[in-house]
1. Name the residue, out of Arg65, Arg58, that is under 30 Å from Ala152 (Cα atoms), at pLDDT 85 or above and touching an Asp or Glu at 6+ places or on another chain (Cβ under 9 Å).
2. So which residues in region 109-136 are outside any strand (DSSP E or B) and surrounded by 14 or more Cβ atoms within 10 Å (Cβ to Cβ), if there are any at all?
3. Please enumerate the residues belonging to region 123-137 that are out of contact with any helix residue (DSSP H, G or I) (no Cβ under 7 Å at 6 or more places or on another chain) and under 22 Å from Gly106 (Cβ atoms).
4. List the pairs whose first member sits in region 29-55 and is open to solvent by less than 50 Å² (accessible area, probe 1.4 Å), whose second member is β-branched (Val, Ile, Thr), and whose Cβ atoms are under 7 Å apart, counting only residues at least 6 apart or on separate chains?
5. Would you check which residues across region 156-180 are under 25 Å from Leu48 (Cα atoms) and among the hydrophobic types (A, V, I, L, M, F, W, C) and list them?
6. Testing Arg73 on (1) outside any strand (DSSP E or B); (2) at pLDDT below 90, one condition comes back false. Which one is that?
7. Out of the residues in region 92-108 that are more than 14 Å from Val136 (Cα to Cα) and of a type in the set (A, V, I, L, M, F, W, C), state the one that is surrounded by the fewest Cβ atoms within 10 Å (Cβ to Cβ).
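The values are calculated or read from the model by the stated rules, or taken from the named source; none is laboratory data. Note that the coordinates shown come from a computational prediction; the quantities given were computed from them, not determined experimentally. Using ideal geometry, Cβ is built from the backbone for each residue, glycine included, and neighbour counts are taken over all protein chains shown. Ligands, DNA and RNA are stripped out before the accessible areas are found, and what is left, the full protein with its side chains, is counted by its heavy atoms. Shrake-Rupley method; radii C 1.70, N 1.55, O 1.52, S 1.80 Å.
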Amino acid sequence: MRAVSGLWRWRHNPLRRTTDLVEAWVAVAAALLLVLAVPAAGWGLGGLADEALAESVREQSAERRPALARVLRAAPSPERAATDPDSAVDHRTRRPVVAEWTAPDGTRRSGTVTTAVPAGPGDTFRIWTDGRGDPVARPMDPDTARAHAVLAGAGAAGAAAGLVEAARRTVVRLLMQRRYEELDREWAKAGPDWGRTGAGG
């Protein structure tokens with residue numbers, strides 16, 4: 001609103017410079033971009049991210065299957081275990097164990113996996129496997145995918161707003177530099193006669 005009122009004020013002002021008018025129009029353009037283009041950018045990118053993540057959720061849900069793993073023994077600490085993030089537990093609290101489970105084709109598989117709960121020999125817990133029966137991460141939850149899409153949209157809107165403001169500030173800085181250069185030229189012309197009687201200054 002201040003940019004619009006400033007533009008109106010500069011219309012017929014005898015002190016108006018070209019740079020003043022340009023700055024006012026730049027402010028109006030930036031305000032319109034912030035109101036219209038920035039939300040559109042956030043909405044558009046958020047929608048694209050939502051579609052891509054939803055597709056990933058569908059693919060992961062179709063390819064990954066839960067399996068019941070039975071603990072055979074504790075795994076040696078240095079051994080690298082396949083991660084099974086079945087719950088949002090810090091990885092440092094997960095324990096590697098040697099377990100066996102049934103692959104989707106019915107064959108018995110065994111290997112080192114991690115579990116978030118204390119488990120001894122004979123205990124069972126759920127893991128996720130791919131089509132070959134290898135342990136994989138849990139499929140992404142639809143709510144998690146949607147939250148990621150919202151964050152992507154918000155990030156895009158914030159980045160777009162930052163670009164608009166950076167562009168506006170750059171233009172204003174260039175306009176200010178041009179004003180100072182014009183003032184220096186005018187001062188150079190008037191300087192030698194400044195304060196002299198009858199100099200017309």
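1. Details: Arg58 fails: touching an Asp or Glu at 6+ places or on another chain (Cβ under 9 Å).
Every option except Arg65 fails the conditions.
2. Going residue by residue through region 109-136, those that are outside any strand (DSSP E or B) are 116-123, 130-134.
Hits for region 109-136 are Ala116, Ala119, Asp123, Asp130, Gly133.
3. We begin by selecting, within region 123-137, every residue out of contact with any helix residue (DSSP H, G or I) (no Cβ under 7 Å at 6 or more places or on another chain); these are 123-129, 132-137.
Matches in region 123-137: Thr124, Phe125, Arg126, Ile127, Trp128, Thr129, Arg132, Gly133, Asp134, Pro135, Val136.
4. Ala30/Val164; Val38/Val164; Gly46/Val150
5. Listed by number, the residues that qualify are Ala156, Ala157, Ala159, Ala160, Ala161, Leu163, Val164.
6. (1)
7. Val98
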